Structure formats: C-alpha cells, structure tokens
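The next block holds one structure in the form of structure tokens; read it before the comments.
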Amino acid sequence: MSSVSSPSPARSRLLVWACGLLLVFAVIYLHHEVLLSGQVYHMDDAADGYYPSHVAILRAYHEGTLPTWERGAWCGWPLAADPYYGAFYPLTAIFAIFGAVRGLGFTVALHAMLAALGMMWLLRRRKLEVGPALFGAVAFGLSSFMVERVRHVIFVELMAFLPLILVGVEGWLQERRRRELVLAGACTGMALLCGALPLLPYVVLLMLAYVLPRLARAEQRRLALAGLAAAAGVGALLGAAQLLPTLAHLPYSPRALGSDYTFASSYAWPDRRYLATLIAPDVFGTEQRLKWFGVFNHWEMAGYYVGALAVTMAPLALLRGRKRPELWGLAAATGLAIGLAFGDAGPFHAWFFRHVPLYAALRCPTRALVIAVVALPILGAEGLAWLSERQVRRRALAGIVVAILIALAAVWMHRFLGRLPLGPSRLIPRRSRADAEVIAASALALEHLCVVLGAGGVLVALLEFGILPARAATLALALVALVDVVTIARGYVQPQPPDFAAGTERFAAVDWLLAQNPPGLGARFAPDARGPFRLHNLGMTYAPLEGASGYDSVSVWRYVNFLYVLNTGAPYPHRELRDDLAAGDIKNWSSPLVDLLNVRWAIATRPPAPRFVARFVPKPGARPHAVHEPIWDAQLGVYENRSVMPRAFVVYRASEPGSDDAQARALAHLDPRASVILDRAPLPAPIGDGRPLTPARLVSADRHHLVIYAEPTAPGVLVVSETDYPGWSATVDGKPAPLLRADYAFRGVALSAGPHRIEMRFVSRPARAGLALSLLGLFGLVALGTLRRRL
C-alpha cells in the first residue's frame, strides 16, 4: 500500500526549499543564454514596440522628468498613456539596470520565477503535499505562455502576480490575518501597474471563478467580502498611476472607435482540431523551426501549453469538488475560455462581444486561454493530490504488469509515429513535400506526447498499485512534467548575439542621418513603408531623431486618421475599427501633407517621390553596419525632401469646417502653405489674403516644452506640426493664449502682426492624479497592515 505518512516538519521544509530551488534553476536553464552568456531576446513586438518605448522611458527618467510625452515618433505622442510599456511599474527598473535590450530576458526570467514560486506557495496554502504543489508550479511557471510572451512581456509580468493575489485571498479566507490582505492588495496593484490591461476581462473572470464559490461557503461572509473588497480597492489605488492616464487617453485613441465584429474575432481557433494544441502544442508545426502550418500565428494559437500531464490530471480535481467548490468554478472558467478561443466559431464570443464591458474593444479571442494557463495547473495539482491520497490500492504484481504495458504502448506509438515523415512512403502516397513536412511536424509533436503520457502513465500505475510511495510518485510525476514543459519551451526561446538590436536597425543610412548632428531642429524623418518595419519607432531609440511615423496600437486617433487621409485621399471610412492601424505608414509620398509633417528625410530604397533627392546612397560592396540585416543595409539610402515645410509657420487664411469628420474630409483638399483648417474661429482673425506663409523659428524643443519665435506680417495663425493632445497649453509673449487644433491633428495659435515669443507646455494631469492616488494606495496598504491581527 502507498505510504501517506508525513515526514518530520524539518524534512518537509527542506524538501519545499529544494523544490523551490529546482524551479529557480529550471528557469535559469531555460533562459541561460541571456542570463549567463550576455545574449538577448529581440523579436516581433518586443523589438518593434517595447524596446524603443523602454529606451524612451529610461531616457525621460534620466532627464529627470516623467515619460508622459515622447517626441521620437508620431510627431509626438503620450507614451505613458499606453499601458503596454509599464512606465510606472516598479520592476521596469530591471531595464534600467541591464539595459533596454538585455533587460527583457532578465525581466522574463524573474517573473517566471515569481510565477512558479507563487503557484507553489498557493498550492501549499491550499494544503497540498509538496509533490502536487511542485507539479502545479512547474505547469504554470514554465508554461509555454511564459516563454512565447517574451514578445509581450507585460503578459508575463501580470501572470507572475496572479498566484500571489490568490495566496492572499486564500490566506484571508482561511485565517483572517491582516498580512493576507496586504499581500493581495500589493500584488493587485503591481498587476495593474505592469500594464497588461488587455487581459483584464479574463483575469476578472478567473478571480470570480475562484473567489465566489469560496465566499458562498465562508463563515462571516460579509466580513470576508469586506476584506477582499478593501484589498481590491487598495490595489486599484496603487495601479492608478497607470490606470488613470490610460483611461483618460482612450477617448483620443483608435480604441475609442471600438472594434468591428469581424476584426474583434480575428486571431481565433478556426476549428476543433486546435484543441490538440493544449496537449501537443506543436501539432501544426513550431515557431522556432519556422514551420508553422496552422493559421497565423503560433504564439496566439498554440502558446498556452501547461503540460499534457496537467491537462489529463485536471478532471480528477472535480472528485475533490465537494469540499473545494472553487475547483468547479475553475473548471467552468476553463471551459468558458476554451469556448471563447474559437471566436465566432464558438458558443460564447458573440454574446461577450455584445454584453461584456471592454471585450468588444479587444482582438485575439484565443487570449481567453490565459484563464486555462492559471486554472489547469491548479486543477492538475488537485487532481494529482486526489490520486495520491486514495487509500484503496491494488496488487503490486498487477501494477507492474500495467506499467510495462503502458511503457510498451508508448514505445510502439513513438516508433510508429517516427516512421511517418520518412520520405514518400506508402503511408503518404502522392503527397507534396509541404504535406510531408506537415506530417513530420505533427508526428514529432505526437511522439513527444507519447513519451510524456507513457512516462506519466507508468508512474501513475506504480502509484495506483502501491509500488511507489505517494510522495515519491508525485515528485517523479512533477519531474516528468518539468522535463516536458522545459523541452517544449526550449524550442521557443530565441536568444541572439548581444549586438542584435543595433545589428537589425543601425543601417548605414541611419548612421548617416545621426551624423547630421542634429539632423535639424525642426526636421523629421520617415521610413518608406516598403522598408524594414523596425524603422517606424527609430526616433524613440536614437535621439535626437524625430519620426513622423510610428508603431503602436494605442496612439492618437486624429494623427492616425491624418495619415489615412494622406495615404488614401479620404478619412477612415468605418465607424468601427476593421483594420489594424497600429503601423503609421507613409505610402503616398507625393501628398503635400508630407511637407506639412516637416518630413525632410526619407529612409528608402529609392526616391519615394520626384521631389526627393538622394543625399546618401550605400556604396556597393561596403561592409554592412547592421550586421544582422545586411540585405537591407545595402539597399537603404537617405533622400531629402526639397519642398519640406518648416516645423512652425504662420498662414493668413483659415477655415472652420465644423465637425471632426468635416475637418478630416477637408484635409484631402488642403494646401497647407496657403490655409489652415481650424476646430473653431481664431481671435484675432487672420487677414484672409493670399500672401505666402511666414516661417517661424523653433528656438528650443524639449520633451514637454516648445519655444517658438514668429513675426507674422499680418494677423494670422501659427501652425506647429506637433500632435495636438489634451494637456498642452500655450502662451504668447508670456500671456495665456487659446490653443487651437490646426489641420485636424496639430496645434495652432492665433497671432497679431509683429514679433512674438510663443511657448507651449505639456502637463499630464491624469498622470499626476494617478501618481497621487498610487501614493494614497501605499497609505492604504499601511492601513490594512495595522488592522487587528484577526478581524
């Protein structure tokens, strides 16, 4: 019979510490190239958006100011309002310590450790033995989600705090101690500050699934609910530094339009076959080998693997559900997540789109599976605990026979599947090479699954038939799960040489532009849309470059729509988002609006329009500057716009079309040198004659402060091609002046004739209020910590 006797407390503590160290070392092994060898992670959105934004954030703090405005992209935009970059998240300090490139790997590794250790703490708090606790911690902290989302590091950061929040919830419901509320409140605040707000609807569902069944059976229910509400309130206050700027920005971002149903349904599982990715994530190929044959893309479709053993053990947890009703809640939430992952092909997506707040503004229904990434490890650990605590065991001889049969079946399946992709055999007659690769990829994934289930099945048989003690069997199963998830995750890490970031974007053309020292106060650059994508946010990475394009999904809507008019000749035609407008491309370089943007330089493979002349062309055979993108380096030149307009200038004719839509439509016919479109009538009114524009001089241009000298020859409107946004104010000769919205997206000031000194300043009141509320949240934590020890 299996032994269920408990060892001494000292031995148990030692074993728990050993398991904790095992988790830490597993994470270090998984990321050892970046942690120990100086390599870096730099791919996809991590390279195109997060890296330049973190550079810009760190530069702002180095300047002694908040990163509430950034001049390097989008003709200026409110960087800190975008939650994706965690401008106020305390652990963003890791990027300051290790650098904006290398810091990514350290950030991911640290949060993976926190996630694994937090899950183990939660499961131990739930009275599970060390084996099942380690099993669940492995499944969560080393899941493929924690690796695939290197490219969206905020998701990894959020996941690290969810088990810790549940530790506080669990402890409060069990013991009513003040420290549990402090822990839950502090971790809630950190989860909000990191900026993973797109996952917030799913996190709320997960928390409700866990907490409500517990509250239904809790003693002193009102007191329990009051404590949890206090912790949630304090957490929300702590997160206000990020929440307030983001919420204040939403009406001015493309997200304010909402999403068209079809657009909101994109990145969903297309059919039931994709359920297989929960137990065999590479069944449609792998990302690492660039052989993914599923619908685009791998990390959205298959990046939710917590281990085949955790998934197969999870249903057993419901056998403990009579005493632990939250397990039924987690199981129901997992089923809901799987249903949502199918998007329009599933049963829940349409209802959620119509009735659940925030859901309609999101894309990627598969992201609902983050619920399963948290719930399945808990359920799997509870299922393993139920199995190990069973008192009824069968004869040992029968167990040995069953274990041998399971092992033989696994070996046979492994060998059978291994033969499938070997050339044009009789198993795959008349199939193309591509079809053979599909079968090969699927076979490899299924071979791995057979090995894992075979090893797990043998151990379960040895446990069930009393041959292995419960603790030894559960620890062995946890080790099998560890090897499983680490093997899968190692296929997804993409370490690169230390110089990889610069080696993919510091082209000779970029170096030439930087050498202009500076490239011109009042002169911007823009990349050709047909060139390397990473040039969009180049100005945020390499000051003092300033870009007219950009890449971000929470940008300023009017500027995005301005670019749409520039490119197509008409405003965005839909009332809701039907397209991904995150990339601010310039495609119609012949438009006079390009001149209005103050784009003097174009980085392109050829002149983008007739008025652009070559100023730098790479020499044939020259050694590439961007050593990891040598193909682009040999093609990209710098072309100067001979008709570029000044950054600031005065025009003497204005029109006020009325609504935003009317202003956007008028843009298509605007001659920016002769007239300006305003949101309201200026005072003094411009003279209205046909005299040419008067250039203004940009005296200084700091992050939050512009100084301009203008000397109009008659009453006119100063137009500054800097993005208009709430928080900017203006003075003329030291006196406050109304700030107008000029040419739909920019700033303007009405001026009388004569010399004037104009100053524009930016103050983000939502950021200031949010920081004040976060400070109040810290006092709230202290208040929670000074309550009586037991309530």
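The values are calculated or read from the model by the stated rules, or taken from the named source; none is laboratory data. It should be emphasised that the depicted structure is a prediction, and the values quoted were computed from it without experimental measurement. Don't worry about glycine lacking a Cβ; one is built from the backbone with ideal geometry, like all the others, and counts go over all protein chains shown. Side chains included, ligands, DNA and RNA excluded: accessible areas come from the protein's heavy atoms. Shrake-Rupley method; radii C 1.70, N 1.55, O 1.52, S 1.80 Å.
Quick one: would you say L751 is of a type outside the set (F, W, Y), surrounded by 17 or more Cβ atoms within 10 Å (Cβ to Cβ) and more than 38 Å from the chain's Cα centre (by Cα)? Answer is yes for this residue. Looking at the structure I just gave you, is L128 open to solvent by less than 10 Å² (accessible area, probe 1.4 Å) and not in a helix (DSSP H, G or I)? Spelling it out, L128 is indeed open to solvent by less than 10 Å² (accessible area, probe 1.4 Å) and not in a helix (DSSP H, G or I). Residues that are farther than 14 Å from R703 by Cβ, surrounded by fewer than 19 Cβ atoms within 10 Å (Cβ to Cβ) and among the polar types (S, T, N, Q) within the range 33-85 comprise just one, S37. Across the range 437-492, the qualifying residues are those that are under 22 Å from E129 (Cα atoms) and of a type in the set (D, E), and the one among them that is surrounded by the fewest Cβ atoms within 10 Å (Cβ to Cβ) is E464. In the range 626-647, the residues that are under 14 Å from L513 (Cβ atoms) reach residues that are outside any loop (DSSP other than H, G, I, E, B) and polar (S, T, N, Q) with C-beta atoms within less than 8 angstrom, at least six apart or across chains, in these pairs: A626/T504. One residue stands out in the range 648-669 among those that are open to solvent by 20 Å² or more (accessible area, probe 1.4 Å) and part of a loop (DSSP other than H, G, I, E, B): the one that is farthest from V560 (Cα to Cα), namely R653.
H536 meets the conditions (1) surrounded by fewer than 22 Cβ atoms within 10 Å (Cβ to Cβ); (2) touching a residue at least 40 places away in the same chain (Cβ under 8 Å); (3) out of contact with any Leu (no Cβ under 6 Å at 6 or more places or on another chain) in every case but one. The failed one is (1). Against the criterion of being at pLDDT 95 or above and buried (at least 20 other Cβ atoms within 10 Å of the Cβ), G780 does not qualify. Only a single item in (1) without any contact (Cβ under 8 Å) to a residue 40 or more places away in the chain; (2) open to solvent by 50 Å² or more (accessible area, probe 1.4 Å) is not met by G688, and it is number (2).
Meeting the requirement of 2 or more residues that are of a type in the set (G, A, S), open to solvent by less than 10 Å² (accessible area, probe 1.4 Å) and modelled with pLDDT of 90 or more, the helices (runs of 4 or more DSSP H) wholly within the range 258-321 are 308-313. Against the test of being closer than 30 Å to T277 by Cα, part of a helix (DSSP H, G or I) and not hydroxyl-bearing (S, T, Y), the options L566, L462, L513 yield a single qualifying residue, L462. Just checking, does the range 167-180 include any residue being in contact (Cβ under 8 Å) with a residue 12 or more places away in the chain, on the phi > 0 side of the Ramachandran plot and open to solvent by 10 Å² or more (accessible area, probe 1.4 Å)? Yes, the conditions are met somewhere in the range 167-180.
Of G195, G185, which residue is at pLDDT below 95, buried (at least 24 other Cβ atoms within 10 Å of the Cβ) and of a type outside the set (S, T, N, Q)? One residue alone meets the criteria, G195.
Taking only the range 88-105 into account, find how many residues are in a helix (DSSP H, G or I), of a type in the set (V, I, T) and either crowded, with 17+ Cβ neighbours inside 10 Å or on the phi > 0 side of the Ramachandran plot (or both).
Matching residues across the range 88-105 total 2.
The single condition from (1) at pLDDT below 90; (2) open to solvent by 50 Å² or more (accessible area, probe 1.4 Å) that F348 fails is (1). Scan the range 601-633 for residues that are open to solvent by 70 Å² or more (accessible area, probe 1.4 Å), among the charged types (D, E, K, R) and not in a loop (DSSP other than H, G, I, E, B) and report the count. Residues that pass the stated criteria total 1. Checked against the criterion of being over 29 Å from A186 (Cα atoms) and among the basic types (K, R), the range 71-94 contains one or more residues that satisfy it. Report yes if R363 is basic (K, R), out of contact with any Asp or Glu (no Cβ under 7 Å at 6 or more places or on another chain) and crowded, with 19+ Cβ neighbours inside 10 Å, otherwise no. Yes: the conditions hold for R363. Has the range 731-747 got at least one residue that is within 41 Å of the chain's Cα centre (by Cα), at positive phi and open to solvent by less than 10 Å² (accessible area, probe 1.4 Å)? Checked the range 731-747: at least one residue is within 41 Å of the chain's Cα centre (by Cα), at positive phi and open to solvent by less than 10 Å² (accessible area, probe 1.4 Å).
Please find, within the range 583-600, the residue that is nearest to D48 (Cα to Cα) out of those that are open to solvent by 10 Å² or more (accessible area, probe 1.4 Å) and under 31 Å from the mean Cα position of the chain (by Cα). Checking each candidate, the answer is A583.
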